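Participant: Let me give you the structure first, and then I'll get to my questions.
A short reminder: the numbers here are calculations on the coordinates, not readings from a lab. These numbers were taken from a predicted model, which means no experiment stands behind them.
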Amino acid sequence: MSAAEWFLMRFSLSALLLVVLAGCSETDSTGIAHPNVVIVREFAAPLGVVTLDPSFGFSLNRGTPGVPTRKRAEAVARAASFAVADSIVERLRALGFDVVRSTTAQPEPGARSLIVVGAFRKIDEGYRRRVGAENSSVVADAAVEYAASGAPVQPLLNIHADSGRLRGEPGVSSVSARGSGGIDAQAKRVGADIARQIAELARRNNWAVAGR
């Protein structure tokens, strides 16, 4: 089983459990001490979630094949994953959190950490030739987990972010207009929304700024 498939299975099971137990996507985090650091993983992209722009990918040299579809899809997925993670890191750092982006970093001994993991449900390039009306979109699921020394990892928040439904969200809709800006801009909107919900989680728990 790939890392992406493993995450999707784990996320689906944990989300179902949260709905059954709490009726919402957030668990009770009352009394949990503020985290020292936030670790953001790059999001997984299972095969089949990428829809490529059909007007690209051909070769300008007659008789020469263009870039293989699989390689194009993998490149688009990597770019979207980087953009989401980078947007989360940038916005949380702007709020004063200590944040690292890493696929391997683990909390230091004695530290308390939030770990953000996720996977894409949809990455649609739309039509990049239609400047301003590309109709590209990005949809992702994320989970925010709390890790403390000597204790099991605790899920705190499940997030479903859809770039096409973020109009009007403070600090998110301004990243780009709906359907415009291409995959990079749509992925950054998703990252901004995830960061916004993490910041709200921190405010609800009266956490001091991470590491301060």
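Participant: Search the structure for amide H atoms under 5 Å from the amide H of V40, placed 1.01 Å from N in the peptide plane, and list their residues when 5 or more places away or on another chain.
Facilitator: Long-range HN contacts for V40: V100, R101, S102, V116.
Participant: For the range 89-95, take each phi angle, set θ = phi - 60°, evaluate the Karplus expression 6.51 cos²θ - 1.76 cosθ + 1.60, and give the result in whole Hz per residue in order, putting x for glycine and proline.
Facilitator: Couplings: 4, 4, 6, 5, 5, 5, 8 Hz.
Participant: A further question follows. Using θ = phi - 60° and the Karplus curve 6.51 cos²θ - 1.76 cosθ + 1.60, what whole-Hz ³J(HN,Hα) does each residue of the range 100-113 get, with Gly and Pro shown as x?
Facilitator: Once rounded to whole Hz, the list reads 10, 10, 7, 8, 10, 4, 10, x, 5, x, x, 8, 10, 9.
Participant: Which whole-Hz couplings ³J(HN,Hα) result when phi for each residue of the range 38-43 is put into the Karplus expression 6.51 cos²θ - 1.76 cosθ + 1.60, θ = phi - 60°, listed in order with x for Gly and Pro?
Facilitator: Once θ is set to phi - 60°, the couplings for the range 38-43 become 10, 9, 10, 8, 6, 6 Hz.
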